[in-house]
Amino acid sequence: VKPMTPRCTVPKAVPVGKSASLHCHENEGFPKSTYSWYRNSEPLSPDTKSNAKFHNSSYTLNPATGTLVFHAVHKGDTGRYSCIATNDAGFAKCEEQEMEV
């Protein structure tokens, strides 16, 4: 079963240095969906250590739960965030939401 449009929760504004949690979830898809996050239409790597582009980012992305946690946000984390839920039957994307740091 193709995933439904996921519900995405993105904080509107976060002070520099604070933590922020972004959530993405849908429960219609079967098999269970995996989640990927995008900032300004660029995919966020689940593994920040192996990707030089995200080396300075302090986030943890869990593809199984759809949770994206910033441990200490900085100005560069400002942007439009969206999430895609994917399974064998297809994918669905939530609306982009702005997060300001």
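The values are calculated or read from the model by the stated rules, or taken from the named source; none is laboratory data. Since the model is a prediction, treat every value here as computed from it, not as a measurement. Glycine also receives a Cβ, built like all others from the backbone with ideal geometry; neighbour counts cover every protein chain displayed. Heavy atoms of the whole protein, side chains included, go into the accessibility calculation; ligands, DNA and RNA do not. Shrake-Rupley method; radii C 1.70, N 1.55, O 1.52, S 1.80 Å.
Across the chain, how many lysine pairs, 8 or more positions apart or on different chains, have C-alpha atoms separated by under 28 Å? Please give the number.
Count of close lysine pairs: 17.
Convex hull over the Cα atoms of the chain, averaged projected area in nm²? Don't skip to the answer; put the middle values down first.
On the way: hull surface 22.8 nm².
Result: a mean projected hull area of 5.7 nm².
Might you tell me the accessible area per residue for the range 7-99, computed with a 1.4 Å probe and given in Å²?
Values: 5260 Å² over 93 residues.
With the other protein chains kept in place, the range 7-99 gives 57 Å² per residue.
Could you tell me what percent of the accessible area of the chain is made up of carbon and sulfur, with a 1.4 Å probe and every protein chain present? Could you put the intermediate results ahead of the total?
On the way: 3220 of 5810 Å².
Carbon plus sulfur share of accessible area: 55 percent.
Suppose we flag trypsin sites (Lys or Arg not before Pro) only when DSSP calls them loop and at most 15 other Cβ atoms lie within 10 Å. Which is the longest uninterrupted stretch of the chain? Don't skip to the answer; put the middle values down first.
Details: sites that count: LYS12, LYS18, LYS32, LYS49.
Longest run free of exposed loop sites: 50-101.
Under a point-charge model restricted to the Cβ atoms of Lys and Arg (+1) and Asp and Glu (-1), what is the dipole moment magnitude of the range 7-99 relative to its Cα centre, in debye to the nearest 20?
Numbers: 10 positive and 9 negative charges, 66 e Å.
With Lys and Arg at +1 and Asp and Glu at -1, about 320 debye.
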